[in-house]
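Asks: Here you go, one structure.
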2 protein chains.
Amino acid sequence: MSITVVGSVAFDAVKTPFGERERMLGGAATYFGLAASFFDQVHVVGRVGADFGDEDLAVVAMRGTDVSNIERVPDGKTFFWAGEYGWDLNSRETLDTQLNVFEDFHPTLSAASRDCDVLFLANIQPELQLGVLEQCREPKFVAMDSMNLWIDIARDALIEVIRRVDCVVLNDAELRQLTERPSIVGAARAVIEMGPTAVVAKLGEYGSALITEDDFFALPAFPLETVVDPTGAGDTFAGGFVGYIARQLDGEPTEPLLRQAMAYGTALASHTVEEFGTQRLERLTAGEVDARVENLRRITQFEPLPAPLEAS
Amino acid sequence: MSITVVGSVAFDAVKTPFGERERMLGGAATYFGLAASFFDQVHVVGRVGADFGDEDLAVVAMRGTDVSNIERVPDGKTFFWAGEYGWDLNSRETLDTQLNVFEDFHPTLSAASRDCDVLFLANIQPELQLGVLEQCREPKFVAMDSMNLWIDIARDALIEVIRRVDCVVLNDAELRQLTERPSIVGAARAVIEMGPTAVVAKLGEYGSALITEDDFFALPAFPLETVVDPTGAGDTFAGGFVGYIARQLDGEPTEPLLRQAMAYGTALASHTVEEFGTQRLERLTAGEVDARVENLRRITQFEPLPAPLEAS
C-alpha cells in the first residue's frame, strides 16, 4: 500500500505559555506525513520557497517518505503561519498568515503518488482537492480535512469533495458550521447523508468521535498533565488514523479497524503536543506509539456490570 | 445503605431552542435524588416555600425517597432560577436567580439522614457543607459539588470541605479556576493533593473523566442527536454516580467500581437532557438505564491490536 497526502508544508511561529518559537517546520502535510510514515510509504505533495532548507526537507522525508512531489520555488517564500495560544491552550489566535508560494499551489502528482491506495486531502481549497481526486487512479480509501474559511466561501465545491470521499475529518465547530446542526452526532449524520461512510469529529482536548451510518465510537484524548504546543495535533491524528487504515486495509474498512485507527491517531497526536512543532515526532519510536495505544485501551475500559439495576 | 443529599430544591424557568418552560421543578438535590433513588434509600435535605405544591413534593419523593428533611416555609418562596441556552446548547445565560427561602438555609438533619452511609454535598455555601459534615455520624463515602461563586468568595472554606471529602465532582472550568492549573489532569491531581481520593471532571457534552491518585478513566457523554434541555445533567450524573457507589460499596470504592459508577451517572444524565426538567427521569425505568450503560460499553471499546507497529 502507499499513502498520498496533499497539503501545506510550512513554517510556523508559535507562542504558548511554555515558550515561543519564531520559525519552526510545520504544515498539515508535514505533520500528517511524519505520523503516517510509521505505517506505510507516504508521498507528500506540496510547495515551498527558497527559504525551505535541505534540513527541513530531510525531516519531512523521515521514515522513507517520498518528497519528490514537493516543489521548491526558487524565488518564492514558504507558507508562514503565526499564532498564540491562551493559558489553558484551548483557545488560539492567528497573528499572521502569509500564503506566499502556497497561493499558486496547483498540485501535480507524480505517477507513483497517483497510484496511491490511500489518499488524504489535507486542508486546502476545495477546488484543488477536486483536482487531486481527478488525478488519482483508484484509491481504495480517501479522507479529507477542511476549515471554516472554505465552508464560508467555497461551500458548493467543498460539498462536491465531501460527496466523493470515504471519510471526513473535521472539528466539532466545523461540523456544526457545515451542517447547521447543533449536536455533533446530528451534524455527522448529515455529512454521511452527503456521501461519506465515516465522519471523524476532532474534539481537541476532549478527544475524538467516529460516526458511521449505524455506529458511534468515542475516544478521549490521551491525558497529559502538560501540553506544550497543540500545533499539528489534528494533522498528526489524521496521519495516524489514515496510516493505520492504509496498513491494515483489506477491502472496506470495518468498524473495529476504524476504531483501532482512531486509537493510533490519538496516541500519535498526544506525542506531538508534548513538545514544540515536529520535535517529538522526529524522535518517536514505534514501540512508544504502541505503548500509548495500549494505555488508551486501559483508561477507556469498564467492566460489565456484576448486578444490573433491573434485577434488584 | 442509605444516601443523604443536601442541596437546592427549586423551580426553574428554562428557554432552549426546543421550547420554553416558565416554571418547572428543579434544583440540584431534586435531580440527584431522582437519579440516586434507583439505587438506594435517599434522604433529601432542603428548604422550599409555600408555593411548593404537594405534587412537586410527590415527584421528589419518587422511588421511596424520604422528603421529611425538606422544610416548607409557610410565608416563603422557593428558590427560583431562570436561564436560556444557546443554539448548540453548550452556552447558557442566567437570566434570574432568586434565592428566596434558600438564603436562610441552615440544614438540620434528622437522625435517619445523619446515619447515612453515603453523603452528597450538592452545590451550596461551603460553610453549610461543613455544618452538614459535622452532623453526619460516620458516612463511608462523601462526595461534593461546588461552583465558581464559592471558588471566588469562599475559597478557604471550600478547600476545608475538599480536604474532608472522598470525592470532588466539578466541571473542567471550575477545576481550572480552583487550582490555576491549565490541564484537567493537572488540576485534578492538585485537588487530590488537598485530600480526596477521587476527582470527577464533568465535561458537558464531551462526557466526564475520573482521576485518582494513580489512575485515569474517561467516558464520553452518551451520543444523542437531540438534546432538549441540559438543565440538571450534572446533578443527575452525580446521583447516578454516587447512587451506584452506595449500592455496591464494600469498604473503599475500587477503581472498577468507580468506573462503573461513572457509566451509570452518564446513562442517567443522558436521559435527563432528552426532555425538559425532570420529566424523563420521572418515567425512566431501571431496565432503560441498564440498557444505556451496556450501550455505553459498546461505543467505547476497541479491540486489542492484531499487529503492533513495533513488530512490523
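Asks: Let me spell out the model: positive unit charges on the Cβ of Lys and Arg, negative unit charges on the Cβ of Asp and Glu, origin at the Cα centre of chain A. What dipole size does that give, in debye rounded to 20? Numbers along the way, then the final one.
Replies: Values: 25 positive and 49 negative charges, 51 e Å.
For chain A, the charge dipole is close to 240 debye.
Asks: Have a look at A:Ser270, A:Ile245, A:Gln129 and report the one farthest towards the positive end of the charge dipole of chain A, computed about the Cα centre with Cβ charges (Lys/Arg +1, Asp/Glu -1).
Replies: Going by the Cα projections, it comes out as A:Ile245.
Asks: Can you tell which of B:Ala190, B:Thr179, A:Leu281 lies farthest toward the positive end of the dipole of the protein assembly as shown, using +1 and -1 charges on the Cβ of basic and acidic side chains (Lys, Arg; Asp, Glu)?
Replies: It is A:Leu281, whose Cα lies furthest towards the positive end.
Asks: Hey, another quick one. How many nanometers, to one decimal and shortest first, lie between the label point of B:Pro74 and those of its other copies, if labels sit 7 Å from Cα toward Cβ?
Replies: 9.9
Asks: So, in nm, how far is label A:Asp104 from label B:Ser91 when the simple model puts each one 7 Å beyond its Cα toward the Cβ?
Replies: 4.2
Asks: Got a sec to turn the phi values of the range A:109-114 into Karplus ³J(HN,Hα) couplings, 6.51 cos²θ - 1.76 cosθ + 1.60 with θ = phi - 60°, whole Hz, x for Gly and Pro?
Replies: Each residue of the range A:109-114 in turn: 8, 5, 4, 5, 7, 5 Hz.
Asks: Taking the axis about which chain B rotates onto chain A, which residue of B lies nearest it as judged by Cβ position, and how many whole Å separate them?
Replies: So the closest residue, with its distance, comes out as B:Tyr206, 2.
Asks: List the extent of the Cα atoms of chain A along each of their three principal axes, largest first, rounded to whole Å.
Replies: 76, 42, 36
Asks: Moving to a separate point now. Going 7 Å from Cα along the Cα-Cβ axis for the label, what nanometre distances separate B:Ser110 from the same residue across the other copies?
Replies: The projected label point of B:Ser110 is separated from its counterparts by 8.1 nm.
Asks: Further question: What's the extension gain from B:Asp115 to B:Glu275 if we count 0.36 nm per residue and subtract their Cα-Cα distance?
Replies: 54.2 nm
Asks: Report the calculated FRET efficiency for A:Asp215 and B:Glu20 (r = Cβ-Cβ distance, R0 = 41 Å), to the nearest 0.05.
Replies: E(calc), rounded to 0.05, equals 0.75.
Asks: Mind checking the dipole of the range B:175-242: about its Cα centre, +1 per Lys or Arg Cβ, -1 per Asp or Glu Cβ, Debye to the nearest 20?
Replies: The calculation lands at about 160 debye.
Asks: Please state the charge dipole magnitude for the range B:1-96, taken about the Cα centre, from unit charges on C-beta atoms (+1 on K and R, -1 on D and E), reported in debye and rounded to the nearest 20.
Replies: Dipole about the Cα centre, nearest 20: 160 debye.
Asks: Below 8 Å, C-alpha to C-alpha, sequence gap of six or more: please give me the relative contact order for chain B in percent. Mind showing how you got there, number by number?
Replies: On the way: 661 pairs, mean separation 52.5, N = 312.
Normalised by residue count, the contact order of chain B is 17 percent.
Asks: Which value results when the Cα radius of gyration for the range B:266-307 is divided by 2.2 N^0.38 Å?
Replies: This ratio for the range B:266-307 stands at 1.55.
Asks: Which residues among the range A:1-37 fall inside the zone where the amide N is under 19 Å from a point 7 Å beyond the Cα of A:Glu288, along Cα→Cβ?
Replies: Those under the cut-off are A:25-26, A:30-37.
Asks: Translational D (Stokes-Einstein, µm²/s) of the range B:200-312 at 4 °C and 1.567 mPa s when Rh comes from the Kirkwood sum over C-alpha pairs?
Replies: Result for D is 86 µm²/s.
Asks: Using a 7 Å offset from the Cα along the Cα-to-Cβ direction at both B:Ala311 and B:Gln135, what is the distance between the two label points in nm, to one decimal?
Replies: Taking the simple label geometry, B:Ala311 and B:Gln135 are separated by 6.1 nm.
Asks: In Å, what is the Rg of the alpha-carbon atoms in the range B:81-208, and how long is Dmax?
Replies: For the range B:81-208, the Cα radius of gyration and maximum Cα-Cα distance read 15.6, 46 Å.
Asks: Okay, moving on. What is the local net charge at B:Thr272, summed over the other residues whose Cβ is closer than 9 Å to its Cβ (Lys, Arg +1; Asp, Glu -1)?
Replies: -3
Asks: Something else now. Please express the shape of the range A:1-123 as an equivalent ellipsoid: the semi-axes are the square roots of 5 times the eigenvalues of the C-alpha gyration tensor, given largest first in whole angstrom.
Replies: Working through the eigenvalues yields semi-axes of 26, 17, 12 Å.
Asks: Another question about this same structure. So if I restrict to the alpha-carbon atoms in the range A:66-154, what is the Rg, and what is Dmax, the biggest pairwise distance, in Å?
Replies: 15.7, 46
Asks: With each pseudo-label sitting 7 Å past Cα toward Cβ, what's the A:Ile153-A:Ala58 distance in nm, one decimal?
Replies: It is 3.8 nm.
Asks: For the protein assembly as shown, what ratio Rg/Rh do Cα atoms give with a Kirkwood hydrodynamic radius? Let's see the in-between values first.
Replies: Values: Rg = 26.2 Å, Rh = 25.7 Å.
Checking Rg against Rh, the ratio lands at 1.02.
Asks: Within straight cross-link reach of B:Lys202, meaning Cα distance under 20 Å, which lysines are found once same-chain residues fewer than 8 apart are removed?
Replies: The qualifying lysines are A:Lys202.
Laboratory data are not the source of any read-out in this text; all were calculated from the coordinates shown. Computed from a prediction, not measured in an experiment: that's the story for all the values here. With ideal geometry, Cβ positions are generated from the backbone for all residues, glycine too; neighbour counts draw on all protein chains shown.
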